[in-house]
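Here is the structure we will look at, set down as structure tokens.
The values are calculated or read from the model by the stated rules, or taken from the named source; none is laboratory data. Quick caveat, the model's predicted, so the values are computed rather than measured. With ideal geometry, Cβ positions are generated from the backbone for all residues, glycine too; neighbour counts draw on all protein chains shown. Remember, those area values only see protein heavy atoms, side chains included, never the ligands or the DNA or RNA. Shrake-Rupley method; radii C 1.70, N 1.55, O 1.52, S 1.80 Å.
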Amino acid sequence: SELLFWQDAMNKSGKARCYHNYATVLYEMGDEKNAIEHFNKAIAKDDFYAEPHINLALIYQNKGDNQTAMAHYKRALEIGEGHPELFNNLGVLHFNLGAFDKAEHCWRSALQLRPYYSKVLCNLGKLYQRQKRLDRAQSCFFRAMQGDIPDIEMQYFYGVVSHDMGQCDKAIQALAPISLGYQNT
């Protein structure tokens, strides 16, 4: 199994990357406590390795411990590696805390690293939609649908914003396939 592979690699090499990958598998299996322990061991092995900080930040963010999450994001930023996921997750944290300018800055930073990052484009669209900047929101949702991993949520938001802008043809084009999909289930 993947868990046994990374456990063996961790035990044999003792490298931070192996601890990180082992922790990632633990987390994916639902063992958050041991995952946190091994992410911290990865950091102890190499504090200039950003991924364990990013993963710990996300875990603490999901638990509502924004202070600890922010500390790990800050350390990952200090390390200076360019991770679009870091900027996306930090943007979500800022958005949830109502720091919209900081959220926008983070998401724009993520897009500089990965211009077609659908999730970031969708998040940025939601920010603009909330701010009633509908033309920008519509553009972001449209780009998100063309991005790396489009999904139905992006199409839905594109349709809603198009409707709010009085562009019924675009709204129908976006929303009709969604409603048809639900009628067939």
Tally, over segment 115-133, of residues that are under 17 Å from the mean Cα position of the chain (by Cα) and open to solvent by less than 10 Å² (accessible area, probe 1.4 Å): 7
Selection count where residues are buried (at least 21 other Cβ atoms within 10 Å of the Cβ) and either within 14 Å of Gln167 (Cα to Cα) or among the charged types (D, E, K, R) (or both), scope segment 134-154: 3
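Any idea how many residues of segment 41-55 are part of a helix (DSSP H, G or I) and surrounded by 15 or more Cβ atoms within 10 Å (Cβ to Cβ)?
Of the residues in segment 41-55, the ones part of a helix (DSSP H, G or I) are 41-45, 50-55.
Checking which are surrounded by 15 or more Cβ atoms within 10 Å (Cβ to Cβ) leaves us with 41-43, 45, 50-55.
Qualifying residue count, segment 41-55: 10.
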Restricting segment 169-185 to residues that are β-branched (Val, Ile, Thr) and either at pLDDT 70 or above or closer than 17 Å to Asp151 by Cα (or both), the residue that is least open to solvent (accessible area, probe 1.4 Å): Ile178
Given (1) open to solvent by 40 Å² or more (accessible area, probe 1.4 Å); (2) under 15 Å from the mean Cα position of the chain (by Cα); (3) free of Cβ contacts under 8 Å to residues at least 24 places away in the same chain, index of the condition Gly82 fails: (3)
